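For reference, the structure is listed below as structure tokens.
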Amino acid sequence: MNGTSSILFGGYDNELIKNDKALSWVDLKNSSYWTVDIDNFKYDGTELSLRTSSARIDTGISYILLESRDFSSLWTQFKKGRTCGYISGSTQLACTCDSVKDFKDIKFKLGDHDMKISSSAYIKFYNSTSSNNTCAFLIGSYSGSSGGIVYLGYTFMREYYIYHDVTAQRVGLYRKGSSGHPSVILTIITLVVLIVSF
């Protein structure tokens with residue numbers, strides 16, 4: 001590993017994960033997608049009442065995406081006492097800030113396991129010498145139907161190693177900072193993924 005993203009078939013890298021007991025295993029809700037239970041979604045200690053109980057671990061999405069009404073609750077917390085809006089010429093939301101540390105961890109449960117996304121994972125910091133610094137959010141919204149789904153994309157994978165276990169219909173999660181491992185994006189898929197069941 002040299003600090004770049006990677007995908008590994010048939011097992012996991014023992015330099016990054018010592019054994020499967022180090023992983024937090026979460027059972028899938030169904031066999032259609034990598035969808036798991038999500039609950040107890042909090043920002044800075046404030047629990048946000050999500051309209052959904054489902055999260056999808058999606059390697060094809062760049063951000064964490066919440067259904068628009070769920071996202072608005074989180075956005076209200078982000079922008080408290082700040083100047084916020086869209087970055088000029090884009091659909092990316094941002095606030096003025098001093099550093100990423102101005103923002104708090106996002107916490108939630110996947111299955112029975114506590115998860116944490118640090119601000120350094122969900123914010124891209126732009127330093128400015130001529131005006132205020134900018135913190136752009138790697139979390140967004142989408143217009144969805146009743147309930148919706150929380151999509152855990154690249155932003156989530158900046159924080160966690162992910163082990164897709166097709167045979168046991170579960171996903172293993174390991175937070176990178178838990179033992180000082182480098183921040184690489186590592187998606188691990190058991191070899192039987194070649195038997196396409198999804």
(request) Name the single residue, out of those in the range 21-47 being hydrophobic (A, V, I, L, M, F, W, C) and modelled with pLDDT of 90 or more, that is farthest from Q92 (Cα to Cα). (result) W25
(request) Considering each of S145, S120, S99, S128 in turn, give the residue that is more than 16 Å from S53 (Cβ to Cβ), at pLDDT below 95 and out of contact with any strand residue (DSSP E or B) (no Cβ under 8 Å at 6 or more places or on another chain). (result) S120
(message) Quick check on the range 23-53: of everything there that is farther than 29 Å from K80 by Cα and free of Cβ contacts under 8 Å to residues at least 40 places away in the same chain, which residue is surrounded by the most Cβ atoms within 10 Å (Cβ to Cβ)?
(response) K29
(request) Scan the range 170-198 for residues that are at pLDDT 85 or above and surrounded by 19 or more Cβ atoms within 10 Å (Cβ to Cβ) and jot them down. (result) V171, G172, L173, Y174
(request) Starting from the range 78-90, take each residue that is modelled with pLDDT of 90 or more and list its partners that are of a type in the set (D, E, K, R), counting only C-beta distances under 6 angstrom and pairs at least six apart or across chains. (result) none
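The values are calculated or read from the model by the stated rules, or taken from the named source; none is laboratory data. Since we're looking at a predicted model, the values are computed, not measured. Positions of Cβ are backbone-derived with ideal geometry, glycine not excepted, and every protein chain shown enters the neighbour counts.
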